[in-house]
Each structure stands twice: as structure tokens, then as C-alpha cells.
Amino acid sequence: MKKDMKILIVDDFSTMRRIIKNLLRDLGFTNTTDADDGNTALPMLQSGKFDFLVTDWNMPGMSGIDLLKAVRADPNLAHLPVLMVTAEQKREQIVEAAQAGVNGYIVKPFTAITLKEKIDKIFERIDAN
Amino acid sequence: MTDNVEVDQDSLDLAKKFVEQLEQGNQQEADNLLTELTNLRETELFQELGKLTREFHEAINGFNSDDRMSAIAQDDIPDARERLKYVIEKTDEAAHKTLNAIEEVTPIVETIESQVSQLGVEWERFLKKEMNPQEFRDLSQKIKEYFFSTEENLKIIKTNVNDILMAQDFQDITGQIIKRVITLVGEVEKNLVNLVKLGGGVPTSESEDVTISKKVKTSTPGELEGPQIPGMESDEAVSSQNDVDELLSSLGF
């Protein structure tokens, strides 16, 4: 896991985007960009060589789960690590995200420690493979 | 409206005859005509009253039989009340977290400020060679202490700044909750408008509006629930990050 990896943060609430951006900066990740929903995010991902995607679920336009599915369906993006950070906490939805190929799932409200743990775990697995 | 014109014509005819009979001194005939005139008026009144009663009855029936409306009254409004209370709690909590952090940081910043200005004055004296060796040893000791204490103070400031940052997560949660309540208020408004239309006896496209609104709340699989409210969590929801982790690890994560 490189500290200068390019990260895209997707959430419809700008406060949450700023919080995640700041937390990532505290963890040493400074190369972050953000988008307010899947429709905005997908073209950015397709043209932008991102290394990591952090997305909310419930957003107007394209939701996070649809963005995840679109990412997995795109041969150029299929292996992009995706962390979902959402207030959705129904079992059914967590299972759906897992089946769609999410790499990590964080429920809001969350702590800086949780974010660090999940990111570490995601990249440990990736680096191990 | 055309009904009224006819009735008026009838009344007018009767009234003319009534005056005629009175002028001719036929009291008995005049009394009969007066009774007839009164009856005509009463019939009309009863018909109107009957119509009004029926419309009112229909309006009430329509109101009762609308499942969505009773669901709103029984579940959604109390639910929205709890959600809004939670919004107050979250915003209150965030404001206090932020204020606590500021109250902890402010005196530290003031301490650093005064230490820096004091050391600056003494450093200036040193540069002007106004300091004897003992004074310089004291200054050197003070600078060392300043570095040590500032390092600790900066850690405290950083922790508090981070607390202020995390306190802002209320906006996302409360925003989602308020959006849901706004949707509900819109739905209630639409249903009330329908009720008013029914009560007013104005022909209405009520049935189609109500069907649409019924569909809004029908719980379909995959429907997003948004933030869980303490004390009213859904059975299908997990309650913590640990539960999420357990569920995911049971799926082979």
C-alpha cells in the first residue's frame, strides 16, 4: 500500500466527503479526489487511474451499490479495491454488497480507527496476493 | 345551478298567486299557498342537507379506508417524531463535542502564545549580547522545557482537532433523517389535500394520487432504510461495526 495512491471519495453529503478526506490525510493519504454520486464518479474512475474507491451507498443519481457493480463489470476497473462507508446496516444489504464484490464495509457513524483498520486489512489482502 | 333557477321560478309563481289571493281577500287560499311555498323551501333544504351528509360520510369513509393514511397516523408520524428527536440529540452532541474540544484547546494555545512571546523577548536580548552566561543558561533551559511542553500540547491540540472533525459526521446522519421526514410531510400534505377535495364535494382525482402514495411506503426487499435510530432499530439491521465484521467474515471475508 503506497501512501501516494490515488483515492476517490464518493458521498452525496459534502461534510462526509471532507471528513473522510481529512481522516485519510491524517493516515498519510493525501492524493484524494471526491465526487457526489455514482454518475459523477464512474467517468472519473474510467479516465483517472485511481487506486482505491471509498463510496457511500444511498445517493441520488447512481447509488454506491450500482457504482460498485459498474466498477466490477468494467474490465479496466474490475480489480479496483472498494470500501463502502454507509448508514445502511440491514444484513440483506451488507450481503448484497459482499456479493457485488466490495472489499470492506463500514457503517456510519464510524471512527478514525475503524477506517484505518479496514484500509489496512484491504491492502494486506491485496499485497498478500 | 339550473335547478335553482327553476325552483326560483316555482317560488315566484306561487308568491304571485299568494299576493293575488290576499288582494282578493281569499285568506284560506292564501294560507294554502303559503304552506305550499314553505314546503317547497323545506324540500330543497332537506335535499341539500342530504347531499351534504352523504358527501361528508363518503369523505370520512374514504379517510378511514385509506390504509396509507392510517399507517401515516399510526406509525410514520410517531416514527418521524422519534427520528427528529434523534436529530436534536445528534446535533446537541456534535455541538458539545466541538465546544469541549475548543475549550480544551484555547488555554493551550494561549499558553504557547505567551511562552513564545516571552522567549522571543529574551532571545532578542541574547542577540543584542545583553545577556550574561547565567541568564543564557536559564534561557537555554527554558527553551528546552518549551520544546518538551509544546510537543505534548500539540498532541492534545491534534486530538481535539480530530474530535472536532469527527463531530461533523452528524450532518450526514441528520441530513438523511430529515430528507426522509420531508418526504413524509409531502405525502401527508397530498393526502390532506385529497381529503379537503372530498369534503368539499369537488370532483377529484383522489384515487390515483392515493394509490401512488400507497406505493411509496410498501416495504420492498432491497429498500434502503438509512440511519438506524436508537430504540427503534429494524430487526434486519446490524447494530455495530463488529456485527458487520462478523457477518462479512461468515461470508468468507
Checking the condition open to solvent by less than 50 Å² (accessible area, probe 1.4 Å) and within 14 Å of chain A (Cβ to nearest Cβ), which residue from B:112, B:177 passes? B:177
Within region B:85-109, considering residues that are open to solvent by less than 40 Å² (accessible area, probe 1.4 Å) and of a type outside the set (Lys, Arg), the one farthest from residue B:172 (Cα to Cα): B:108
Report the residue count in region A:1-38 for those that are of a type outside the set (Phe, Trp, Tyr) and more than 11 Å from chain B (Cβ to nearest Cβ). 22
Any idea which of (1) at pLDDT below 95; (2) open to solvent by less than 20 Å² (accessible area, probe 1.4 Å) is the one residue A:68 doesn't satisfy? (1)
Among B:58, B:42, which is the only one that is modelled with pLDDT under 80, part of a helix (DSSP H, G or I) and of a type in the set (Asp, Glu)? B:58
Is there a residue being modelled with pLDDT of 95 or more and surrounded by fewer than 22 Cβ atoms within 10 Å (Cβ to Cβ) anywhere in region A:11-22? no
Just the residues that are assigned to a helix (DSSP H, G or I) and within 17 Å of residue A:69 (Cα to Cα), please, taken from region A:21-58. A:38, A:39, A:40, A:41, A:42, A:43, A:44, A:45, A:46
Tell me, yes or no, whether region B:160-168 has at least one residue that is without any contact (Cβ under 8 Å) to a residue 40 or more places away in the chain and either over 30 Å from the mean Cα position of the chain (by Cα) or open to solvent by 90 Å² or more (accessible area, probe 1.4 Å) (or both). yes
Would you please list the contacts, defined by Cβ atoms under 6 Å and residues six or more apart or on different chains, that run from a residue in region B:231-246 that is more than 8 Å from chain A (Cβ to nearest Cβ) and in contact (Cβ under 8 Å) with a residue 60 or more places away in the chain to a residue that is open to solvent by 40 Å² or more (accessible area, probe 1.4 Å) and part of a helix (DSSP H, G or I)? B:232/B:82
Counting only residues that are open to solvent by 100 Å² or more (accessible area, probe 1.4 Å) and either touching a Phe, Trp or Tyr at 6+ places or on another chain (Cβ under 7 Å) or on the phi > 0 side of the Ramachandran plot (or both), how many does region B:115-139 have? 1
Assuming residue A:67 fulfils every condition listed in (1) in contact with a strand residue (DSSP E or B) (Cβ under 8 Å, 6 or more places away or on another chain); (2) closer than 28 Å to residue B:162 by Cβ; (3) outside any strand (DSSP E or B) apart from one, which condition is it? (2)
Within region A:23-58, the residues that are modelled with pLDDT of 95 or more and among the hydroxyl-bearing types (Ser, Thr, Tyr) are A:32, A:33, A:40, A:55
Residues being in contact (Cβ under 8 Å) with a residue 24 or more places away in the chain, open to solvent by 20 Å² or more (accessible area, probe 1.4 Å) and more than 17 Å from residue A:72 (Cβ to Cβ) - total across region A:87-117: 2
Scope region A:34-49; condition more than 18 Å from residue A:63 (Cα to Cα) and open to solvent by less than 70 Å² (accessible area, probe 1.4 Å); matching residues: A:48
Say we look at region A:92-106 and pick out the residues that are in contact with a strand residue (DSSP E or B) (Cβ under 8 Å, 6 or more places away or on another chain) and small (Gly, Ala, Ser); which of these is nearest to the other protein chains (Cβ to nearest Cβ)? A:98
Only one residue in A:84, A:44 is touching a Phe, Trp or Tyr at 6+ places or on another chain (Cβ under 6 Å) and either within 14 Å of chain B (Cβ to nearest Cβ) or not basic (Lys, Arg) (or both). Which one? A:84
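The values are calculated or read from the model by the stated rules, or taken from the named source; none is laboratory data. If you're wondering where the values come from, they're calculated on a predicted model, not measured in any experiment. Methodologically, a virtual Cβ is constructed for each residue, glycine included, from the backbone with ideal geometry; neighbour enumeration extends over all protein chains shown. Accessible surface is based on the protein model in full, side chains and every heavy atom, while ligands, DNA and RNA are left aside. Shrake-Rupley method; radii C 1.70, N 1.55, O 1.52, S 1.80 Å.
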